[in-house]
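Input: a single structure, listed below in structure tokens.
The values are calculated or read from the model by the stated rules, or taken from the named source; none is laboratory data. All of these numbers come straight from a predicted model, not from anything done at the bench. Quick reminder, even Gly has a Cβ in these numbers, built from the backbone with ideal geometry, and neighbours come from all protein chains shown.
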Amino acid sequence: MFKPSDIQKQEDELAKKQKQGENLSFSKKQKKEYEQVKTEKILLEEEKAYRRGIVTVKDIIAPSAMEVKPAFLRLGDKYIRTLFAMEYPRYISVGWFSPIINFSSTLDISMFFVPVEAGVILKQLRNQAGNIEAQLVADAEKGSPRDPLRETALRDVEKLRDDLTQGIEHFFQFSLYITIYANSPKELDQTTEDIESILGAKLVLSKRVLYQAEQGFNSSVPIGDDQLSIPFNMNSSPCASSFPFMSSDLSSDDGILYGINRHNNSLILFDRFSLQNANMVVFATSGAGKSYAIKLEILRSMMFGTDVIVIDPEREYKHLSEAMGGTYIDISLNAEEKVNPFDLPKAFREDVKTGDIIRSAVITVKGLIKLMFGDLTHQEDSLMDRALIETYAKKDITPECDLNKAEIPLLQDLQEVLERMDGAKDLILRLKKYTEGTFSGLLNNYTNIDMNNQLVVFSVRDLEDELKPIAIYVIINYIWSIVRSKTKRRMLIIDEAWWLMQREDSSRFIFALVKRCRKYYLGITTITQDVNDFLISPYGKAIVNNSALQLLLKQSPAAIELVQKTFMLTEGERYLLLESGVGDGIFFAGKKHAAIKIVASYVEDQIITSDPRQLLEIEEAKKELEEEKEAEK
């Protein structure tokens, strides 16, 4: 039988015999085998031609050519250069490498971490500390002025020795390589300068690879081979700050969008009611975007069926209320809407005794009286306590009554009770200002407001500064009564909460609400720009500790020390808050936190904006639309 390898040889032999004129004869079997082998040859030739036309993976990824130059590498039509980090500053902030990660050019970045035995480092640090101390002693004996650099170096060495000994820190040899790709030598030089400028701004000294362009490229491709071997000795904390994905991930399946994670551009999606409590504190300077952020949260929370109640000191939420069809209640001396501080819940749980409800109401109203009158003596406090109980009893509100049918007393009834008591003359004189005098239009009326709306805003802008803490206290107490009457998913926003933190009684009242609101499916948000007034109060710190969500936006230099201590911020986070733009800050959710940027769509921005220019444009547009409608009629 003919083999494929013998076909050409047999054909050559046949051709030779035919040329010599010899007669050839084959049997049928030989002819059949010959034809079969010839067919196989044709198939083999065709298969070789087919294989030559197939493109493999290597063909796809391999460049057409590679040229190695002293300062760069040319790979196909790309020009490649590698930079390496050579020296770092004494302090480097968290997220310092983010500008390089987010740089708008094609880069390959490689980080190599090689652990070093602590014993080796401790031995070297001991010798180094000894040398520095000896130099300091020698300088002191010579009468030389103190050297701050050596003293700082000694403190750093001693701290690092302590941390390594206790296992708090570990030591590494850290190598950082950045490989740049460009379409031309000019573009390569420009991109290289941009990268060097960014690193230089962080006080990180970088160098270009010279006569090792190929090794630099090989060190950056994802094969884990450090062919440059240019390490820098570094402990674990700064190593961790260099890692590009160190930001907490606050994305979840449920919740609303609070903003964009500034470290890795991920979405911060969160449901505040999924934590141990739904409370939130917001600290920022004026104009940093705190009201903007909260209005955006309100808008998105309402889409999930959450009821929202807002206490608005500066009428910043009026436009939002009008756009969303909310109820806007103006609390002032001449306004029609009134709230009675003596109100009790209309309905309550059956397991709560009526006597306890009355006792709680008396304590709450007495707190209001202290806001109105200032500090009371022990005798005045006792008289007021007894007078409040008798005021409720005057309307037959006793532990045995039915609260759903009870008639609620007014501030005037308290005055009448005090007039029948000995030693209450001074209390009566101070109370008359609120029942018969200048402030009589605020508290001495029955409640006549409607809370049946998903968004309810209480405005206290038109009140005197002296009355604002009193009005806010009364409003919050009324809201608390509504909340306890019916359990429902709600949010209570207290803007400019520092008004209430100025007095111990009102700050204690807010703290009590923050502690208890979880039982009634309520989340309280306290917003303030006066951080010092809020946090200096012991109840202010307690409110922060009982708030699972915390939002810190731009802070003033005067308040940053207290904020850093309260929230245990790192130096990098401290600088971030000092340098943040509008809507930028740090978002805390439970044990996680991340740098956040508040973002809104165009439609959302038009609804929640606080910019006077935008609001004026919106009002003018409304007037033009109304004029057009009138003209059409």
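Remarks
- Qualifying position, being on the phi > 0 side of the Ramachandran plot and without any contact (Cβ under 8 Å) to a residue 24 or more places away in the chain, among G119, G143: G143
- Which listed residue is over 30 Å from A595 (Cβ atoms), of a type in the set (A, V, I, L, M) and in contact with a strand residue (DSSP E or B) (Cβ under 6 Å, 6 or more places away or on another chain), from L149, L75: L75
- Residue check, L136 assigned to a helix (DSSP H, G or I), of a type in the set (A, V, I, L, M) and within 16 Å of A71 (Cα to Cα): no
- Within segment 537-548, the presence of at least one residue that is modelled with pLDDT of 85 or more, more than 27 Å from R359 (Cα to Cα) and either among the small types (G, A, S) or outside any helix (DSSP H, G or I) (or both) is confirmed.
- Positions within segment 62-86 being small (G, A, S) and in contact (Cβ under 8 Å) with a residue 40 or more places away in the chain, in sequence order: A71, A85
- Out of K186, K207, K159, sole residue that is among the basic types (K, R), in a strand (DSSP E or B) and not assigned by TED's automatic domain parsing to the domain that holds G289: K207
- Pairs with Cβ under 7 Å, 6+ apart, first in segment 273-295 and in contact (Cβ under 8 Å) with a residue 60 or more places away in the chain, second of a type in the set (D, E): S291/E316; S291/D495
- If only residues of segment 593-633 that are hydrophobic (A, V, I, L, M, F, W, C) and outside any helix (DSSP H, G or I) are counted, the one that is farthest from S241 (Cα to Cα) is A600.
- Qualifying residue in segment 574-592 (condition: part of a strand (DSSP E or B) and modelled with pLDDT under 80): yes
- Residues of segment 421-435 satisfying the condition of being under 52 Å from the mean Cα position of the chain (by Cα) and without any contact (Cβ under 8 Å) to a residue 12 or more places away in the chain: L429, K433
- Residue ID - surrounded by the most Cβ atoms within 10 Å (Cβ to Cβ), chosen from residues in segment 162-181 that are polar (S, T, N, Q) and outside any helix (DSSP H, G or I): T179
- Here the condition is being under 22 Å from V221 (Cβ atoms), small (G, A, S) and surrounded by fewer than 13 Cβ atoms within 10 Å (Cβ to Cβ); of S110, S144, S104, S197, it holds for S104 alone.
- Members of segment 210-226 found to be assigned to a helix (DSSP H, G or I) and touching a residue at least 40 places away in the same chain (Cβ under 8 Å), listed by number: A213, E214, G216, F217, S219, S220
- Residue match in segment 85-104 (condition: assigned to a helix (DSSP H, G or I), of a type in the set (S, T, N, Q) and within 30 Å of A153 (Cα to Cα)): yes
- Top-ranked residue of segment 385-404 - restricted to ones that are polar (S, T, N, Q) and part of a helix (DSSP H, G or I), ranked as nearest to the chain's Cα centre (by Cα): N404
- Filter pass, E407 being out of contact with any helix residue (DSSP H, G or I) (no Cβ under 9 Å at 6 or more places or on another chain) and not in a helix (DSSP H, G or I): yes
- In segment 459-480, the residues that are on the phi < 0 side of the Ramachandran plot reach residues that are among the acidic types (D, E) with C-beta atoms within less than 6 angstrom, at least six apart or across chains, in these pairs: S459/D312; S459/D330; R461/E314; Y478/D343.
- Filter result (more than 21 Å from V531 (Cβ to Cβ) and touching a residue at least 60 places away in the same chain (Cβ under 8 Å)) within segment 487-519: K488, R489, R490, M491, D505, C517, R518
- Here S360, S382 are screened, and the one residue that is outside the structural domain of S507 (by TED's automatic domain parsing), assigned to a helix (DSSP H, G or I) and over 21 Å from L443 (Cα atoms) is S382.
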